[in-house]
Each structure stands twice: as structure tokens, then as C-alpha cells.
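First the structure, in the form of C-alpha cells, and then the observations on it.
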Amino acid sequence: MTFAPVLDSPADTTPVGGPQLPQERRLVTEIPGPLSREVLARKAAAVPNGVGVTLPIAVVAAGGGVVVDVDGNSLIDLGSGIAVTGVGNAAPEVVAAVTDQVSRFTHTCFTITAYDGYIRVAEALNRLTPGDHDKRTALFNSGAEAVENAVKIARAYTRKQAVVVFDHAYHGRTNLTMAMTAKSMPYKSGFGPFASEVYRVPLSYPFRDGGLSGADAAAAAISQIEKQVGAANLAAVVIEPIQGEGGFIEPALGFLPAIAAWAKDNGVVFVADEIQTGFSRTGHLFASEHEGLVPDLITTAKGIAGGLPLSAVTGRAEIMDAAHAGGLGGTYGGNPVACAAALASIDLFENGGLTERAREIDVVLRGALNALRAADDRIGDVRGRGAMMAIELVEPATGAPDAALTAKIAAFAHAHGVVLLTCGTYGNVIRFLPPLTISDDLLREGVRVVGEALAATPR
Ligand code: PLZ
């Protein structure tokens, strides 16, 4: 296969994406190559600086476990576009469903004239999310929009206003969700004032809270909620079952159930933000299942539609129905093409063996990362579940976060053909979020490159 560099007629010269792409790491130029540099130079002139690019290549195809750039480099994908392409990029089932739908109709606005695809996505989420109570689902476009709507719905239902979120939380970049997101740089700094009635309490963070039990950490959070907010004012507690951008923090066992039980006892809506953890990523269809959690509301996005923009709020019928008729919506929410992609993706998660695949990835990743850790004490922690795992990099003597080392490892990986993402409040976490369609060999090779990066980066 050739990758002739004709940017003006990409259809003639670029490879088609999907799992049939050669599943290999292959660098034919430096990263970024000359053609990517040309494209990114145009980006600099056309797109504001605020919209950053982590790995400055221009992608022409992707699928399985690789991303191919305009120079013909094939990189191992350990990011899935931030946990989106669980079913793989250009998954054939998604492509077929989208192609069929796009030739029938592309948009009506569901709140003007309805269509079956939206309702089928709602039915699927009502059936598949935790709990066998009566549920309803509303569809939106982005994760942030789903979180905003979950808060609107919880406020309408409880007739209360306050929202509790946690340290290190990430919920989005819109005004309300900026207020809910913890980290100032780069998400919030200079963009205030932020929405009011958002209160932050401590999270269980086993690696950094001295190993507090889940029950003790929950008691501390609940005490703070009761003293500083009061259940009488509190509409919702919103929490990621495993934190994403905040550093792949897995609360100690018992923390989430204790918070959920307190919410239930106090007339507070418990919202699980499963935007990053959802759709088989953690080895369950939803991460809440790990501890048998049944959230009142659950927000989903990212993995839901194989890369097309779609998000959802699913929850107890009586809560979801509290918003008045016409109170929820948006021009594009539940777009028919995105719904077709979601139905094909959800079928793959449910029936295509992808949840099992996430558990296999868990074994491969955890084994490889623990081996790295055994050889290098700058890896302070290995954590996460399924295809959502991370290492936290520290200065061994003190345990202090080592963001500089983290940035060097990521830069090395990028230069050597691995799409690798960092995260964490302290910028010292490397996260592994491969598509569930990646091969074991590519996965191991990707981690090997991280090992080489550590070896090449002296203390
Ligand atoms: N809730 C748990 O992970 C999105 C953000 C990337 P949107 N995380 C990736 C970035 O730098 O903007 C996310 C999430 C959780 C909400 C969101 C927000 O989802 O689709 O990005 O709005």
C-alpha cells in the first residue's frame, strides 16, 4: 500500500480506515513528518491556540489498534481519541449503519419530528444500564451537555439547587461543567465567573490519602457535605466511578456505595458520570457494576457511538420525567446518524465480545505495567481496570508527583510511534485507553515503548 502525499485528493491516495489496515507500528518519517508539519502549520494560521494538539500529526486513516498519518506513518493507538473508539475506528458495523442512515435522512430535530433510531438507543440504554427499575433516556451531543442536563433534571426533581462534586473531578468545559471540573489549568483559568451552587469534597485516592478505607473516606466526604452544604439544599452528587482526566483514580472499595447510600437516605440524586468509564471500557458494560452500584442517573457519551458525537442521560423514570414538557432538548441531540452509529456500537459491546476483550486487555496491560513498575521505582502506582489503566510517576524518595518525567515519557512515545495520553491533577499520570479492537501484540509493543522511554530518561 502506498501513501502518496497528495493532500488535495485524499480520496484517491489515502488508505481506508478500519480493522483491515496493517496492524503494525511503522515509521517512515520522523514524527511529525513533513506533510503533517505542513497541515499543522495551516492549523496554526487557521485555528486558535486554545485548541491544542497533543501529537501534531495529520491523520488519514485509523482502525483496529493503529492510527495512520498523512506521511504514511502507522502509530499504535493507546488513546482511542480519549476513550471514544472502543469498537475501533471506522468499525465496519458502524460504517455500514452510518452509511445506510446517512442516505435515508440526516436530520429532522427529534423534538420537531421523531424517528425510531433515537427511541431504540433510549430503549437499549434503559435496558443495559444498572438497575431493573423503570428508566428513561434523553440524548444530547457531548459529555458536558449530558452532565449539564443531568443537573437540570436532578434540580427539577428535587426542587433543590446545590451540586456536590469531588476533588480531581472532570465533567466538561461548558460553564456549569467548568465549575464542576476541579483543575484550573488548562480547563478553567481565566474563563470565570463559574456557575454557583457547586461544592467540592474530598475523594478517596488510595495512593495519596494514606490508604484510607472506602468507608472512612466516604465518612469524611459526607461530613463535609453535611456541614458545608446540607442535604436540604442538595440536588445531586455527581461522581466518576473511576476518575478520568483527574488521574484514573479508583476510589477504595466501599467509597462509592457509601456515598450512594447516603444520597438515597437523604433525598439526593446520585449521578454516575460514566462518560469515560462506560461501554465495556473497564471490563463491565458500566463501571458502576463493579460494586453493584445502581445510580439514579447515569451520563454516557464517548464510547457510545464509535466516534460519532452522541451523549445520554439515563435514569429513574420518575426523576427523568420531572423536567416539564419541552424543558429538555437541543437542535442536534440524538442526531439520526449518531443514533445509527450508537445502535451498531451498542450491539458490538453487548454481543460482540468487547466486554470480555476489555478483561483480556486488563490482564495483558496490568502484567506489562506491573513488570515495568518492578523494574523502575519511579512508577509509584499501577491502577485502573480493563482497558482503562494508568501508571502514576513519582520521585521515588518522596513520592512527589513527577510531571516532568511524565511529559518526557509521552514525548518519547509520540516520537516512536505510540499515541499515548497523560492526565492527572499533578500531570504525572500516563493513561492507557486502547481501542478494544487492538491486538495483544500491539498493546505489548506500546507498553514496551513506554519502558524504553523510561530507560532512555535518566533520573
Ligand atoms: N465527563 C468523565 O471524561 C470528557 C476531555 C478532553 P465532552 N473527557 C475528555 C478535553 O480535554 O476536553 C469527559 C469526561 C467525563 C465529562 C466529559 C466531557 O465530555 O464530550 O468532552 O464534553
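The values are calculated or read from the model by the stated rules, or taken from the named source; none is laboratory data. On a predicted model such as this, the values are computed, not experimentally measured, just so you know. A quick note on method: Cβ atoms are made from the backbone with ideal geometry, for glycine too, and the neighbour counts reach across all protein chains shown. We work out accessible area using only protein heavy atoms, side chains counted, and drop any ligands, DNA or RNA first. Shrake-Rupley method; radii C 1.70, N 1.55, O 1.52, S 1.80 Å.
Determine the distance separating the Cα centre of the stretch 94-151 from the Cα centre of the stretch 318-358; give it in Å without decimals. Each part's Cα centre sits 4 Å from the other's. With the simple spin-label model, which puts each label point 7 Å out from Cα in the Cβ direction, the D441 to R127 separation comes to 3.7 nm. Ordering T406, G386, L75 by the projection of their Cα atoms onto the charge dipole of the chain, which places +1 on the Cβ of Lys and Arg and -1 on the Cβ of Asp and Glu, puts T406 at the extreme positive end.
Think of the stretch 1-153 as a dipole: +1 on every Lys or Arg Cβ, -1 on every Asp or Glu Cβ, centred on the Cα centre; then among G117, P32, V60, G117 lies furthest on the positive end. Bridging of K135 to lysines at a Cα separation below 20 Å is possible for K152, K264, once same-chain residues fewer than 8 apart are set aside. When the residues V16, V294, V201 are ordered by accessible surface, computed with a 1.4 Å probe over the protein chains alone, the sequence from largest down reads V16, V294, V201. Residue order by solvent-accessible surface for K264, K188 is K264, K188, largest first, with ligands and nucleic acids left out and a 1.4 Å probe.
Solvent-accessible area per residue in the stretch 308-459 equals 36 Å², computed with a 1.4 angstrom probe and all protein chains kept. Each pair of Cα atoms in the stretch 1-148 enters the Kirkwood radius, and Stokes-Einstein at 25 °C and 0.890 mPa s then converts it into a translational diffusion coefficient of 134 µm²/s. Normalised by 2.2 N^0.38 Å, where N counts its residues, the alpha-carbon radius of gyration of the stretch 368-459 equals 0.99. For A61, the residues whose amide H sits under 5 Å from its own are V68, ignoring neighbours fewer than 5 places away on the same chain, with H placed 1.01 Å from N.
Note on surface exposure: I82, I222 rank I82, I222 by accessible area, highest first, 1.4 Å probe. Averaging 1/r over every pair of different alpha carbons in the stretch 300-357 and inverting the result gives a Kirkwood radius of 12.9 Å.
Only Lys, Arg, Asp and Glu count, each charged at its Cβ (+1, +1, -1, -1), so figure out the dipole size of the stretch 26-122 about its Cα centre, rounded to 20 debye. Provide the component values of the computation, followed by the final result.
Values: 6 positive and 8 negative charges, 39 e Å.
Using only the charged Cβ atoms, the result is roughly 180 debye.
Dipole magnitude for the chain: computed about the Cα centre from +1 point charges on Lys and Arg Cβ and -1 point charges on Asp and Glu Cβ, it is near 800 debye. Most tightly packed first, judged by the mean number of other beta-carbon atoms within 10 Å of their residues, the peptides 45-56, 112-123, 301-312 read 301-312, 112-123, 45-56.
Determine the percent antiparallel among the DSSP beta bridges restricted to the chain, to the nearest 5.
65 percent
In terms of packing, defined here as the mean over residues of other Cβ atoms within 10 angstrom, the peptides 226-232, 209-215, 436-442, 362-368 line up highest first as 436-442, 362-368, 209-215, 226-232. How much of the accessible area of the chain, in percent, comes from carbon and sulfur atoms when a 1.4 Å probe is used? Looking at the chain in its full context, I get 55 percent from C and S.
If a spin label sat at a point 7 angstrom from the Cα of E395 along the line to its beta carbon, the backbone N atoms of the stretch 416-435 nearer than 19 Å would be those of 425-430.
With +1 assigned to the C-beta of every Lys and Arg and -1 to the C-beta of every Asp and Glu, and no other charges, what is the dipole magnitude of the stretch 325-459 about the Cα centre in debye, to the nearest 20?
On the way: 12 positive and 15 negative charges, 42 e Å.
The dipole of the stretch 325-459 has a size of about 200 debye.
Remark: the stretch 32-189 carries 43 Å² of accessible area per residue (probe radius 1.4 Å; ligands, DNA and RNA excluded).
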